[in-house]
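Report on the structure given below.
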Amino acid sequence: MQTETVKLTIRLPRQDVEFAKAYAKAHDLSVTEVIDRYLRRMRALENTLPSPELDFITGLVPSDVDAEAEYRQHQQEKHG
């Protein structure tokens with residue numbers, strides 16, 4: 001099934017355009033293909049669950065703890 005395509009004009013810093021062109025050429029792609037693949041990847045990642053590692057560390061610090069104050073205290077003890 002062919003997806004309908006539309007033309008889009010975007011403005012980017014020259015260095016970004018040059019990078020995109022060089023990257024596409026080095027990987028035997030068009031700039032359109034590079035952008036399309038990037039957007040598809042972003043869409044796919046948006047629907048994924050957090051990694052098990054992130055899941056593990058999330059919630060380790062209780063919500064009533066002021067992490068910044070704890071860190072400052074740690075730095076004070078370590079370097080004070």
Computed FRET efficiency, Cβ-Cβ of Arg11 and Ala44, R0 41 Å: what is it to the nearest 0.05?
0.95
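Can you pull the semi-axes for segment 28-68, root of five times each eigenvalue of the Cα gyration tensor, sorted largest first, whole Å?
37, 11, 8
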Peptides 41-48, 2-9: what's the order by average Cβ count within 10 Å, highest mean first?
41-48, 2-9
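Mind checking the full-extension length gain between Asp36 and Glu68? Use 0.36 nm per residue of separation minus the Cα-Cα distance, one decimal, nm.
Computed gain between Asp36 and Glu68 is 7.5 nm.
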Principal axis lengths of the chain from Cα atoms, whole Å, largest first?
59, 33, 23
The summed charge of the Val61 Cβ neighbourhood (under 12 Å; Lys/Arg +1, Asp/Glu -1) stands at -4
Determine which aspartates and glutamates satisfy two conditions relative to Lys78: a Cα distance under 14 Å, and not lying fewer than 8 residues away in the same chain.
Glu70
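For His79 and Ile57, calculate 0.36 nm times their separation in residues minus their Cα-Cα distance, and state this gained length in nm to one decimal. Mind dumping the intermediate values first?
Details: separation 22, 0.36 × 22 = 7.92 nm, distance 2.67 nm.
Between His79 and Ile57, full extension yields an extra 5.2 nm.
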Packing rank of 11-22, 54-65, 27-38, where each peptide gets the mean count of other beta carbons within 10 Å, highest leading
27-38, 11-22, 54-65
Which aspartates and glutamates, on any chain, are close to Lys21 with Cα under 16 Å apart, when same-chain ones fewer than 8 places away are left out?
Glu33, Asp36
Only helices counted: for the chain, with every DSSP H run of 4 or more residues adding -39500 (n - 2.57) and the sum spread over all residues, [θ] at 222 nm is -18500 deg cm²/dmol
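Values in this text are rule-based calculations from the coordinates and carry no lab data. Note that the structure is predicted; figures quoted are calculated from it, not measured. All Cβ positions, even for glycine, are placed from backbone atoms using ideal geometry, and neighbour counts span all protein chains on display.
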